[in-house]
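A.B. asks: If you scroll down you'll find the structure; I have some questions about it.
We did not get these values from a lab; they are worked out from the coordinates using the rules stated. It should be emphasised that the depicted structure is a prediction, and the values quoted were computed from it without experimental measurement. Neighbour counts are summed over all protein chains in view; Cβ atoms, including those assigned to glycine, are modelled from backbone coordinates with ideal geometry.
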Amino acid sequence: MAKLYFYYSTMNAGKSTTLLQSSFNYEERGMQTLLLTAALDDRFGIGKIASRIGLEAKANLFSDTTDLLELTKDTIKNRKIDCVMVDESQFLSRDQVWQLSEVADQLKIPVLCYGLRTDFQGNLFEGSLHLLAWADELKELKTICHCGSKATMVIRVGADGKPIVEGAQKEIGGNDKYIALCRRHFKQATIEGVAQP
């Protein structure tokens, strides 16, 4: 039985690295993957999944209006797909998470989604909310806060290094804009305005 998986974490936990390694493992065994990434994330180039450690691969883009079940069906008309892998899955809509569950249930293709659980205000992203609800398996990828505790939250910082507590949920950035923190330091940063001791 094919399953829908959600690998979630905060920033800098190696989500894209893990996705790319998993894709490589499939390909090494003669299997083919369909890689998907959010169109709004163009930090490393358009149509590319890249990790901070230098791994990268071409990927199909999805936007808010992409029907991922139909995209998968269209792709398997031309080639076999053994696994669908989605980077930046926090940006999926409710409908798209449902479509990916249909890829697993109807097409019998495993779907591996990698994304953030919460935003810089501690709120769930739409895609993450529905993946947490509907995925067959949930796997947390871990990283650490500057204090050494497990990081479970992320804050957005301005050019001055101070935490930003208001703004649009979707704003693309890396280490220049976001810092992974434990809950205690997240609360300290959002209340006291101090990102690090």
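A.B. asks: Taking only Cα atoms, what is the 0 to 90° angle, nearest 10, from helix 94-105's long axis to the longest principal axis of the chain?
C.D. replies: Once rounded, one gets 40 degrees.
A.B. asks: Here's another thing I want to ask about it. Computed from the mean reciprocal separation of all distinct C-alpha pairs, what Kirkwood hydrodynamic radius does the stretch 49-154 have, in Å?
C.D. replies: About 15.1 Å for the stretch 49-154.
A.B. asks: Is there a pair in LYS58/LYS80; LYS3/LYS80; LYS3/LYS48 whose C-alpha atoms are over 23 Å apart, and which pairs would that be?
C.D. replies: Where the Cα-Cα span goes over 23 Å, the pairs concerned are LYS3/LYS48.
A.B. asks: With θ set to phi - 60°, apply the Karplus curve 6.51 cos²θ - 1.76 cosθ + 1.60 along the stretch 82-88 and write out the HN-Hα couplings as whole Hz, x wherever there is a Gly or Pro.
C.D. replies: Result, ordered by residue: 9, 6, 9, 10, 10, 8, 6 Hz.
A.B. asks: Can you tell me the 0 to 90 degree angle between the C-alpha axis of helix 183-192 and the longest principal axis of the chain, rounded to 10?
C.D. replies: 50 degrees
A.B. asks: Oh, and also: How about LYS150: which lysines have a C-alpha closer than 16 Å to its C-alpha, ignoring those fewer than 8 places off in the same chain?
C.D. replies: LYS15, LYS139, LYS142, LYS187
A.B. asks: Let me ask something additional. Report, as a whole number in µm² per second, the diffusion coefficient that Stokes-Einstein gives for the chain at 20 °C and 1.002 mPa s using the Kirkwood radius over alpha carbon pairs.
C.D. replies: 125 µm²/s
A.B. asks: Okay, moving on. In the stretch 5-39, which residues have a backbone nitrogen under 17 Å from the label point lying 7 Å from ARG52's Cα in the Cα-to-Cβ direction?
C.D. replies: The answer is 8-21, whose backbone nitrogens lie closer than 17 Å to the label point.
A.B. asks: Just for the chain, what percent of DSSP beta bridges are antiparallel, to the closest 5?
C.D. replies: If we restrict to bridges inside the chain, about 35 percent are antiparallel.
A.B. asks: Follow-up. Identify which of LEU69, LEU55, LEU138 has the largest mean-square fluctuation in a Gaussian network model of the chain, with springs joining Cα atoms closer than 10 Å.
C.D. replies: Top of the fluctuation ranking is LEU55.
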